[in-house]
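As structure tokens, the structure follows; a few thoughts come after it.
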Amino acid sequence: MKTWFYTRRGIVKAVNGVDFDLRQGECLCLVGESGCGKSVTALSLLRLFDSPPGKIVSGKVMFAGIDLTNCPLEQIRRVRGKDIAMVFQNAQSALNPVFTIGDQIMEQINAHGRHSRADARRKARLLLEEMNIPQAENALNMYPHQMSGGMKQRAMIAMGLSCDPAMLIADEPTTAVDVTIRAQIMYILQELKTRRSMSIIFITHDLSLVREIGDRAAVIYGGRVVEIAPVETILSNPAHPYTRGLIACLPDISTDLKRLPSIPGNTPNPIDLPEGCTFHPRCRDVMDVCRSTEPALVNIASVHKVACHLYDNAGAFIA
Amino acid sequence: MINKVPLLQIKNLKKYYRVTAGLIPRPLGEIKAVDGVSLDIIEGEVLGLVGESGCGKSTLGKAILRLEEPTSGQISFQGTDVLSLNKWDLRTLRGKIQIVFQDPDSSLDPRMPVGDSIGEALIVHGVSGAGERGRRVARLMEKVGLEAGFAERYPHEFSGGQRQRIGIARALAMDPRLIIADEPVSALDVSVQAQVLNLMMDIKDEDGLAYMFVSHDLAVVKYIADRVAVMYMGQIVELADKEELFLNPLHPYTEALLSAVAGLRRGGGSRILLSGDMPSPLKPPAGCRFHTRCHRVMEICRAAEPAFREVVPGHYAACHLYP
């Protein structure tokens, strides 16, 4: 899939060739730094960006047999919220400040089905209880500003779950909250995965969260998936130089280092992506071919794909 | 070897904010953002200050420079009583204590070339002569890994990591002895965060300066700090050498914080989940402020506030578990 934004300053190739699949009950993590295209990927799945300037220029999003990229708007509206729910990074701006939490959850519940007011309210309360929100009945009558950041984020998740979706897209749900609250939210997401066997796309820049929740992880750089594999494989045996760099430069609480390895340079500008492999200006193992040719995503093991010229088309390590 | 002379001494520092409501202000109470903090920072050391948002760690940093005027307490820097300084002496002091903020976007003037931003401190502190200033700015920029030729550029032409380097260059302009770094890498991408942390360590080793490194990220603090202070609701609840604190946390809050940080290379261990959020600072709980969320709460915690005392030599904690 490719999603480009046509702006006055040029074409922003936010998503520039992303391929992955998500199985029932699986949690796939999209990992990458700011501006790498991970959020636009998520928005593209549900066509939740402004068009124009944005456009999915190629690719498909197949969900339960429907291509979400070119089905009628009416059809995708039925999918949004009901089959695939989304939780955004900033609960503060995603909630409406002038309605109570209860009203907002009930609005969701009624958007895809008819329920009596009492019914909807009962359902909303159960959802908040599932989110471990204390005194859920009380919380229904609260306005967003009366809640703490962690409660708001959990209310958002409750809202996302209101129509029993099969799949949840969580876009950096723990970025704006403290570590202790983050632990609570991660716990809730893990519960959802095991209890409701929900499929989750979890978007993050934090590899340590990937280990906690993910089954597989896709590392995104410059709008492309550069590596995709089971989480254990990615963390213990990363193949792409970028993935290796990302893992190495993360300060870790269980090790003592005198000096952190770092990746030189900065993340690329999506208007002006480097030729060839988008990572080559920062890559330690750069070769001539990297400057001119974009590497394809190849299998280096049955479940491990990587896009890097260090591996030939058959997936063998050459350099 | 670290010289054990305190560079900065803080004693029982308090910063209260009056909160009012309504058109005709009606007092609601006081927020005790910093409530009786005592700390030393030794020459050349990095003191990590850790806590969740709203615990008062940024206010403490600002109060040291009197960017926020403390309500009461004592601050002494190299033997000078900071709180009794007049405006002019305070300016001299601020040359020796500098601050680097979290967000370089909002702390750099977007309409001023970065060279001027860096050189502004030199003007304020009386380095006259554009030629001399230009040379010093060029040296500073090279020191933080930027080309001196970039001095004419504007902040928007730089990436986040580069802007933070500019913020650091600006702080270094007056040869400070202490830099208060308020979440300096929180807004940066991980791959760039490592570059800036390494730079800060290099500068420290070269110039022998001390940092107060304010952060909510324990992994970053573990990397950079020599000693770590943990703050909760305006008070220091634990203070120890880095190794000691991470290996042997005493306060249940520190334990919970450590267990909330999922180590990348660590297997699953049992995790301490704190229930609820930080209570409202307008109405701090009676007794120990942490008792509402503590997993090891006892009867006494609800009634009496624990004293901050040395439990093991060099390791301080405020908790009734260690009477």
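For the reader, a short list of remarks on this structure follows.
- Look at the stretch A:241-251: the mean tally of other chain Cβ atoms within 10 Å of its residues' Cβ atoms is 4.
- Prolate/oblate/rounded call for the protein assembly as shown, Cα gyration tensor, a/c under 1.5 rounded: oblate
- Result for chain B in a Gaussian network model with C-alpha springs under 10 Å: among B:SER84, B:SER215, B:SER58, the largest mean-square fluctuation is at B:SER84.
- Spin-label pair A:TYR187/A:ALA111, simplified geometry with 7 Å Cα→Cβ offset, distance in nm: 2.9 nm
- Considering only the protein assembly as shown, percent of DSSP beta bridges that pair antiparallel, nearest 5: 60 percent
- Spatial separation of Cα centroids for the stretch B:165-239 and the stretch A:56-131, in angstrom: 42 Å
- Residues A:HIS145 and A:SER302, FRET efficiency given R0 of 56 Å [Cβ-Cβ distance, rounded to 0.05]: 0.65
- For A:262-271, mean number of other protein chain Cβ atoms within 10 Å: 4
- For A:LYS258, the aspartates and glutamates whose Cα comes closer than 14 Å to its Cα, not counting residues fewer than 8 places off in the same chain, are B:ASP202, B:ASP205, B:ASP226, B:GLU243.
- Taking every residue in B:214-223 and counting other chain Cβ atoms within 10 Å of its Cβ, the average works out to 4.
- Estimated inter-spin distance, A:ASP164 and B:ALA307, nm [label 7 Å along Cα→Cβ]: 6.1 nm
- Remark: the Cα gyration tensor places the stretch B:6-318 in the prolate category, a/c being 1.5 or greater and a/b exceeding b/c.
- With contacts taken as Cα pairs under 8 Å at a separation of at least 6 residues, the stretch B:6-318 carries a relative contact order of 20 percent.
- Qualifying aspartates and glutamates (Cα of each under 19 Å from Cα of A:LYS60; at least 8 residues distant if same chain): A:ASP19, A:ASP21, A:ASP50, A:GLU74, A:ASP83
- Mean-position separation - Cα centroids, the stretch B:131-158 and the stretch A:242-317, in angstrom: 31 Å
- Among B:ARG139, A:ARG154, B:ARG293, the order by Cβ neighbours within 10 angstrom, fewest to most, reads B:ARG139, B:ARG293, A:ARG154.
- Label-to-label distance, A:THR7 versus A:SER197, with points set 7 angstrom from Cα along the beta-carbon direction: 4.4 nm.
- Footprinting exposure proxy for A:TYR187, B:TYR211 (fewest neighbouring C-beta atoms within 10 Å first): A:TYR187, B:TYR211
- In summary, the lysines within cross-link reach of A:LYS55, defined as a Cα separation below 21 angstrom excluding same-chain residues under 8 places away, comprise A:LYS2, A:LYS13, A:LYS38.
- Cβ-derived FRET efficiency at R0 30 Å, A:ASN237 paired with B:LEU247, nearest 0.05: 0.55
- GNM flexibility winner over chain B from B:ASP109, B:ASP226, B:ASP35 (Cα, springs under 10 Å): B:ASP109
- Residue separation of A:PHE20 and A:LYS60 scaled by 0.36 nm, minus their Cα-Cα distance, works out to 13.3 nm of gained length.
- Judged by the ratio a/c of the largest to the smallest principal axis of the C-alpha gyration tensor, the stretch B:51-125 counts as oblate, that ratio being 1.5 or greater while a/b is no larger than b/c.
- This ranking places B:VAL237, B:VAL230 by how few other beta-carbon atoms lie within 10 Å of each, fewest first, which gives B:VAL237, B:VAL230.
- Between the stretch A:153-204 and the stretch A:1-39, the Cα center-to-center distance that results, in Å: 20 Å
- With a cut-off of 13 Å between beta carbons, the residues surrounding A:PRO97 carry a summed charge of 0, where Lys and Arg count +1 and Asp and Glu -1.
- Using a Förster distance of 22 Å, the FRET efficiency for B:ASP109-A:ASP272 (Cβ separation, nearest 0.05): 0.25
- Choice from B:LYS87, B:LYS15, B:LYS96 showing the highest fluctuation, given a GNM over chain B with Cα pairs closer than 10 Å: B:LYS87
- Toward the positive end of the charge dipole of the stretch B:6-318, with +1 on the Cβ of Lys and Arg and -1 on the Cβ of Asp and Glu, the farthest Cα among B:LEU90, B:LEU273, B:ALA304 is that of B:ALA304.
- Net charge of neighbours whose Cβ lies under 15 Å from the Cβ of A:MET151, counting Lys and Arg as +1 and Asp and Glu as -1: -1
- Using C-alpha pairs under 8 Å with a sequence gap of at least 6, the mean separation divided by the residue count of chain A gives a relative contact order of 21 percent.
FYI, it's all coordinate maths here, none of it is from the lab. Here the structure is a predicted model, which means the values were calculated and not measured. Here the Cβ is made from the backbone with ideal geometry for all residues, glycine too, and neighbour counts use every protein chain on show.
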